[in-house]
1. Taking T206 and the conditions (1) over 26 Å from V37 (Cβ atoms); (2) touching a residue at least 60 places away in the same chain (Cβ under 8 Å); (3) surrounded by 15 or more Cβ atoms within 10 Å (Cβ to Cβ), which numbered condition does it fall short on, given that it satisfies the others?
2. Does S172 fit the bill of being buried (at least 16 other Cβ atoms within 10 Å of the Cβ) and either part of a loop (DSSP other than H, G, I, E, B) or of a type in the set (K, R) (or both)?
3. For V167, which of the numbered conditions (1) farther than 30 Å from S109 by Cβ; (2) open to solvent by 70 Å² or more (accessible area, probe 1.4 Å) fails to hold?
4. Given the criterion among the small types (G, A, S), in contact with a strand residue (DSSP E or B) (Cβ under 7 Å, 6 or more places away or on another chain), at pLDDT 95 or above and under 30 Å from S199 (Cα atoms), identify the matching residue among S109, S120.
5. Which number in (1) of a type in the set (D, E, K, R); (2) surrounded by 13 or more Cβ atoms within 10 Å (Cβ to Cβ); (3) in a strand (DSSP E or B) marks the one condition that D155 misses?
6. Consider V143 against the criteria (1) within 30 Å of G68 (Cα to Cα); (2) surrounded by fewer than 17 Cβ atoms within 10 Å (Cβ to Cβ): it satisfies all of them except one. Which criterion is unmet?
7. Within region 93-115, does at least one residue satisfy the condition of being of a type in the set (A, V, I, L, M) and free of Cβ contacts under 8 Å to residues at least 24 places away in the same chain?
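The values are calculated or read from the model by the stated rules, or taken from the named source; none is laboratory data. No experiment lies behind these values; they were computed from the predicted model shown. Every residue, glycine among them, receives a Cβ derived from its backbone with ideal geometry; neighbour counts consider all protein chains shown. Remember, those area values only see protein heavy atoms, side chains included, never the ligands or the DNA or RNA. Shrake-Rupley method; radii C 1.70, N 1.55, O 1.52, S 1.80 Å.
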Amino acid sequence: MFISLRLAALCFWVLLLDLCGIIKTLGQSNGSGVVRVVVKEGSDAILPCSLSTKENAESKLFDWKKDGPKEVFFYDAGLHSNNGRPGQDQQFKGRVSHFQDDLKYGNASIIIRNTKLTDSGDYSCDFPRLQPRQIFHIQLVVVGASPKPYVTILDEMKDWALLQCEVRGASSKPTVEWQDSAGNKLPAEEPQVSERGGSFYITVNTTVKKTDHYRCVATQEEIKHQIHTETFVYIGEKRFSSGDVTGCFFGGIILGAVIVAAVLVLLVAAKFITVRRNKGAAKERHENGEGEIMT
């Protein structure tokens, strides 16, 4: 009973200190007090910063910086980087704004529009004049979307085909898999993964044994991005054998000989008809006293 009363008293004092702003709450973090925000390149990123006391921040000063000294956004009792306050780094000019209507609730979050890979880094939101001072740390990770996979038929026989999928240059490592037309994941060889210049290159092979539409799917869960390439594979029961090729070859020779013979017959017939016509014309001229009959 005595222990329960002491525990209840301790919880009461912790709650009281938190309400007074003596204990700081940084929100959801990765366990080190740093909030991690992951976005897809080209999208907008909201970096959270809110006073633990939720008190009105309209008349306060807060300063956003990146990687230490780089000025991202500065606010001081209504004067800020977007209305004449100097010093903002060129990288962020025209791309950063705050939530004016939410300042009265202690919300000093900012939004960075049209994010670039170079925006990735460590950000801090600092309230230097508060007692005690409050500093929030946010890690922004901007991820480039995986490019469309390349699909190749490496080899094929009458009852199987070997397919290859390549993802070339993804800034965040995607999960790559083969699927059939029903969306079922196919058994595949162990992915071959390499990293060059900060980008991932992944190759996955699979063997299929039936006619179907197959697709290689690349998925980046952290930015909810998925892209695929599809190919059609025909698995036929009958393929050309050497006997088939030989038969076609000799068949082609025979057909060609028949065509040549037919052409020769037509040429001879045409010559014969021409000679007969010439003789007939000469005879007619002779009968009319125009010349002799030629034989």
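1. With respect to (1) over 26 Å from V37 (Cβ atoms); (2) touching a residue at least 60 places away in the same chain (Cβ under 8 Å); (3) surrounded by 15 or more Cβ atoms within 10 Å (Cβ to Cβ), T206 is out only on (2).
2. Working: buried (at least 16 other Cβ atoms within 10 Å of the Cβ): yes; either part of a loop (DSSP other than H, G, I, E, B) or of a type in the set (K, R) (or both): yes.
So S172 fits the description; yes.
3. Here V167 meets the rest and fails (2).
4. S120
5. (2)
6. Unmet condition: (2).
7. So the first thing to find is which residues in region 93-115 are of a type in the set (A, V, I, L, M), and the list is 96, 103, 108, 110-112.
When the remaining residues are screened for being free of Cβ contacts under 8 Å to residues at least 24 places away in the same chain, the result is none.
Within region 93-115, none of the residues are of a type in the set (A, V, I, L, M) and free of Cβ contacts under 8 Å to residues at least 24 places away in the same chain.
Each row is one residue, and each column tells you yes or no for (1) at pLDDT 90 or above; (2) closer than 30 Å to T115 by Cβ.
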| site | (1), (2) |
| --- | --- |
| A188 | yes, no |
| Q192 | yes, no |
| T203 | yes, yes |
| E221 | yes, yes |
| I259 | no, no |
